[in-house]
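This report refers to the structure that appears directly beneath it.
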Amino acid sequence: MSIGHALLGLLETGPRHGYDLKRVYDERFGQDRPLAYGQVYSTLSRLLRNGLVEERGVEAGGGPDRKRYAITDAGVTDVSSWLVTPEKPEIYLQSALYTKVVLALMSGRDAEDVLDAQRRAHLGAMRELTQRKQRGDLADQLICDHALFHLEADLRWLELTTARLADLGKEVMP
Amino acid sequence: MNEPLLRGVDLRKSFGQTPALDGAGMGVAAGEVVAVMGPSGSGKSTLLHCLAGIVPPDGGTVSYGDRDLTAMSDKERSALRRSEFGFVFQFGQLVPELSCIENVALPLRLGGAKRKAAEQAAREWLARLEVDQLADKRPGEVSGGQGQRVAVARALVTRPRVVFADEPTGALDSLNGEQVMRLLTATARETGAAVVLVTHEARVAAYSDREVIVRDGRTREPVVI
Amino acid sequence: MRTDLGIGVRLAVGGGRTAMTRLVLGAIGVGVAVAVLLLAASVGPLMQARSERANLTTVSTEAIAGVDPLYEHRVSAEHRGDGLSLRYVNAGGPSSPVPPGADRVPAPGEAVVSPALAERLAEPGAADLRQRLPERVIGTLPTTVLTDPHDLTAYLGVGPEVRASDRTTEVYSYGGFPVDESLDPTLLLLVLLGTVALLAPVFVFTAASTRIAGAERDRRLSALRLVGADSRQVRRIATAEALVSAVVGLVVGAGLFFAGRALAPGVTISGVTVNSADVTPIWWLAVAVVVLVPVLAVLTAQFALRRTIVEPLGVVRFSKPIRRRLLWRLGVAAAGVGLLFWHGGVTAGHSLWVYSITAGAALLLFSVPALLPWVVERSVSRVRGGPTSWQLAVRRLQLDAGTSARVVGGVAVVLAGAIALQSALYSQSTELGGPQASPSAQNSGIELYPEAGLSAEAERLVAGVPGVRQAFTEGTVTFVSSADEDTASIPVYDCATVQRLFAVTDCAPGVVYGVGDTNLQDYRMQAGEQWWVYEWDHKTKTATRGASWTVPQVRSIPEPAVSGDLDSSTRPESLFVTPGPGFVPDVTEGLVTPRIRVSVDVADQGVADRVYAALAPLSWQVMGVQWGSRSGDDRAAFTAISRGLLIGSVFTLLLAGLSLLVLALEHIRERRRPLAVLAASGVPTGALGRSLLWQIAIPIAVGVVIAIGAGIGLTALVLRLGSTPMVVDWSSVGLMVLAAAVLAGLVWAITLPFLRGATRLTSLRTE
Ligand SMILES: Nc1ncnc2c1ncn2[C@@H]1O[C@H](COP(=O)(O)OP(=O)(O)O)[C@@H](O)[C@H]1O
Ligand SMILES: [Mg+2]
């Protein structure tokens, strides 16, 4: 995800201090990883350089964290076009899991154990997400669900592969 | 981990030539939600039926507390199911001509409760499952998710020690399914009931504390730690 | 349009086992109705054929020039309780008429007999009959000249001595003298009521048959409607579906009718047997049946569609139905009652009267199935409490009272009709010799009518027969008053008889004896009055005044000691005269008509045949009548009618039971999953079973109550017209209620295994 675009989007609701931006970002999007200050300022200076934001005065007390930033027209255009540009669907053709399964089969190990272990791990993660989802607000729920659906997709693949292990075995070890 | 409340050991069951269960076993402790997962036709439902004493297994034992279900008569098992177990199925379990509240009150009334008291309790359960506004509607007049919540209320109204749910969200969309699962597991945990949850959906299974995988009639329970 | 009809046909026949069951049941229902209607349409021709055949043997005694008379002497007798019609004939010459069905007039010692009599004569055990009819059989009468194929009839040749008998008639030609029989109004009412009561259920049942498994059909059609079929298409589909079962029903009905027709000669109803060929419906009535039944079926289907058309979603989703309206239902009943009260504003016998009574009765009966759904709906709609099984049943009925009520409507209308008819019959039964009539002996005395001069011999022949308690000859002398205004017939006993029967030792001729204080008041005679003996000449058929007679004082005698256990028909009269010089020369001679009264052992069934056998030497010269056998016939008719009604009712009830069964099974199948889930949750099957029982029993109970009301009301209204006091035959009402209860129980019992099947836990399988 593009942090620059996210910050631009937040600035669209009104000028903010850098510190403010980090706080709001963490609240909304920073579920797993809070932004580092350094990252905020480097991003902002990049945006400033590209003319997407501008400085709007400095509050008394000075210092970089006391600067107020506002979005420029070019910035607004940039956010708009970012929002309507679809994300590229991520395709993991070189899945580590696939590699593991094939290697297990080739080395004569129990591939089903590999898959089951993975499955347990996945389900454990999903369980955790589900609990978090139940505790959190709507935003938490949506974000957790996103992750849950992805994990579920993996799990489905695991199930399918388990069901096809016999066939796969014949193919990799003719 | 607690001593399992309900435990099936080495269960075998065949329908004609097809073995539906071939040495399956699992346990569930009080207050625990266990998901039974596996592909379609792997024997999940059969396992649930055996554990619940609906179907006597061909081999193996099912014990509930210190009682042996497999040694009980059909009548005793019926009585046990009536008093200690609750059931939620995929669909079509509500009696179409009874209103929702009457459906929920049904197990209590069949247990001999007075109509007033039974419907009072039923109303409370409907409220807990957030469908109290449907009390006087017939099952045909409510949506699938609402009907399923009514069914959960009916399963819980007798305060069962074990709730058996066989694909309770199978006929629902994700949102409704999530709601039903949330309410089912939350209320079951509140009342300390054990839940045996049969599902092939990982997201539904994620509401459990633990999962048991069934494959070709055999369970692959992870080593209990 | 063609495709719609195609879909309908496809739905009717191609829906697997349940569709087939539905089709078969519907077809059987319609078939039975068609058969009954065809039979009803054949009653007119049947009666006509019978009377035409009866007319074949009526005789003309009017002399025809150039024709020699046939002397015919008819003797009726009995054998094993069956009537024997014996015609002793003697040809007056070569041109004498030949009896219908015979090749020639049998010569003395020869006989032409009906097939049934020929068979009877050939039986090894019928030696007594062969003794009575020793004539050589030279031919058999074809059944076409017999009123009834089972008639025991014979033409027996005798010598010219028969010509001298009083009872011999000179026949110049046979046939062609129809007897006009018009029914008396009370009887006509009964017939009308009977027709309506038996046919109304047929129509109701036809309607109900096409609605068997209606709930499922409704849902299917609703589903079609939801898929996008417009109301016209749905109507056409339903029409095709109804037509299929109606047409199959027509075929079944025609089959049943022809099968029944072939069996007709084997069935005897109250001594009447029917020739197959006579059972032929009036053609236009048959056409009407063939057209009307499918039309009725289609109309019912259309009528039942209203809800499907209006709110298809409600049907599919089991939501609460629209409320039924009462007004038109009450209207039907009110119209019926009104017609019965008004009865065309004319008196009995008028054709308008007949029509309005029929229509009134029919409307009243039809109001039963019309009212029933409303009443069932209303009576369950307020019900709340009760045990769970009751609650389940009531809820089900609240949701769909119509289907059950429609099916039960058939039962109710049968019950109402049967109750009405039974009560009407019962009220009339005094005249009909039914159970209300005075109890009479199973086997009463016999009266013998010997030819002149043979009474002494006949009495002698009979006296020694085992089982005969007493036999005496009784003559009758008729007097005519001086003004020729009054006649009085007084029994005549000779002194030997008087001394034998009464404690009279000094019997004198020409004396009037009276038991106790019996006097001549009953004969409007006064002692000292002048009367004349009334002489009737059989040959010239003229009456003349004979000897004059001065009425004497009655001589009182005590009650005879033996009379106590003799039935009244053969007990001696309590006022009689002894023959004496001048006016009553001899009991056995000319002026009086002698008969021999024979008292028999009431328990001895074979005694009549032995008496007749003992009289064999007298052949045609004595004729016997067994008293009580006539009223026995009436009683048999009454029992036959009641039994016929009962069989009809039971059969219709059974059919209604079948549709109830289908309904219950359908209901179980619909509820397979909830039932299985309930059983899985540990609910005992008993509670579920009881709910099923309630569900069957409640509409039946309501139906029975309405049926009793309508039936008794109808009888009261109809009997009011015939001014016969009404007597409700509670025992047959009870029987009907019992039958309905048994039916409900039976249907329930049959459904139980299916319920057990449904709650078997394999029904839980989702896939
Ligand atoms: N009542 C039954 N009769 C015959 N076969 C059955 C019956 N119940 C289950 N089976 C068979 O047993 C196997 C397991 O069924 P089930 O337990 O329903 O699987 P799952 O619930 O995991 O989809 C399947 O092959 C199914 O066809
Ligand atoms: Mg299953």
Going through C:Ala333, C:Ala359, C:Ala393 one at a time, which residue ends up being open to solvent by less than 30 Å² (accessible area, probe 1.4 Å), more than 19 Å from C:Ile712 (Cβ to Cβ) and modelled with pLDDT of 80 or more? C:Ala393
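Each row is one residue, and each column tells you yes or no for (1) within 30 Å of C:Gly713 (Cβ to Cβ); (2) surrounded by fewer than 19 Cβ atoms within 10 Å (Cβ to Cβ); (3) modelled with pLDDT of 75 or more.
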site: C:Glu119; (1), (2), (3): no, yes, yes
site: C:Arg130; (1), (2), (3): no, yes, yes
site: C:Pro134; (1), (2), (3): no, yes, yes
site: C:Thr144; (1), (2), (3): no, yes, yes
site: C:Glu161; (1), (2), (3): no, yes, yes
site: C:Ser173; (1), (2), (3): no, yes, yes
site: C:Leu183; (1), (2), (3): yes, yes, no
site: C:Val191; (1), (2), (3): yes, yes, no
site: C:Ala200; (1), (2), (3): yes, no, no
Those residues of the range B:53-79 that are more than 7 Å from chain C (Cβ to nearest Cβ) and among the aliphatic types (A, V, I, L, M) come to a total of 4
Collect the residues in the range B:193-205 that are free of Cβ contacts under 8 Å to residues at least 40 places away in the same chain and either in contact with a Leu (Cβ under 7 Å, 6 or more places away or on another chain) or more than 16 Å from ligand 1 (Cβ to nearest atom) (or both), keeping them in residue-number order. B:Arg203
So which of B:Val204, B:Val212 ends up being within 16 Å of ligand 2 (Cβ to nearest atom), outside any strand (DSSP E or B) and modelled with pLDDT of 90 or more? B:Val204
Kindly indicate whether C:Ser114 is modelled with pLDDT of 80 or more, surrounded by fewer than 23 Cβ atoms within 10 Å (Cβ to Cβ), closer than 22 Å to C:Gln48 by Cα and polar (S, T, N, Q). no
When only residues in the range B:51-82 that are in a helix (DSSP H, G or I) and not hydrophobic (A, V, I, L, M, F, W, C) count, which is modelled with the highest pLDDT? B:Thr70
All-but-one check, B:Arg128 against (1) free of Cβ contacts under 8 Å to residues at least 12 places away in the same chain; (2) more than 10 Å from every other protein chain (Cβ to nearest Cβ); (3) within 25 Å of B:Leu48 (Cβ to Cβ), failing number (1)
If you go through the range C:348-402 one residue at a time, how many are within 14 Å of chain B (Cβ to nearest Cβ) and not in a helix (DSSP H, G or I)? 6
Quick check: anything in the range B:20-28 modelled with pLDDT of 90 or more, away from ligand 1 (no atom under 12 Å from the Cβ) and out of contact with any Gly (no Cβ under 9 Å at 6 or more places or on another chain)? yes
Pairs, first open to solvent by 70 Å² or more (accessible area, probe 1.4 Å) in the range B:13-30, second near ligand 1 (Cβ under 8 Å from one of its atoms), C-beta under 7 Å, six or more apart: B:Pro19/B:Gly217
Counted residues, the range C:59-76 - those being within 28 Å of C:Leu615 (Cα to Cα) and either open to solvent by less than 40 Å² (accessible area, probe 1.4 Å) or assigned to a helix (DSSP H, G or I) (or both): 5
Mind checking which helices (runs of 4 or more DSSP H) fall wholly inside the range C:664-767 and carry at least 3 residues that are farther than 25 Å from C:Pro369 by Cα and at pLDDT 85 or above? C:730-759
Members of the range B:13-38 found to be more than 14 Å from chain A (Cβ to nearest Cβ) and assigned to a loop (DSSP other than H, G, I, E, B), listed by number: B:Gly16, B:Gln17, B:Ala30, B:Gly31
Qualifying positions in the range A:119-166 - over 29 Å from A:Tyr25 (Cα atoms), open to solvent by less than 40 Å² (accessible area, probe 1.4 Å) and more than 7 Å from chain B (Cβ to nearest Cβ): A:Arg119, A:Leu158, A:Thr161, A:Thr162, A:Leu165
Of the residues that make up the range B:39-52, is at least one of a type in the set (Gly, Ala, Ser), more than 10 Å from chain C (Cβ to nearest Cβ), within 14 Å of ligand 1 (Cβ to nearest atom) and touching a Lys or Arg at 6+ places or on another chain (Cβ under 6 Å)? yes
Search result, residues across the range B:42-56 that are more than 16 Å from ligand 2 (Cβ to nearest atom) and open to solvent by 10 Å² or more (accessible area, probe 1.4 Å): B:Pro56
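The values are calculated or read from the model by the stated rules, or taken from the named source; none is laboratory data. Just so it is clear, the model here is predicted, and its values are computed rather than measured. A quick note on method: Cβ atoms are made from the backbone with ideal geometry, for glycine too, and the neighbour counts reach across all protein chains shown. Accessible surface is based on the protein model in full, side chains and every heavy atom, while ligands, DNA and RNA are left aside. Shrake-Rupley method; radii C 1.70, N 1.55, O 1.52, S 1.80 Å.
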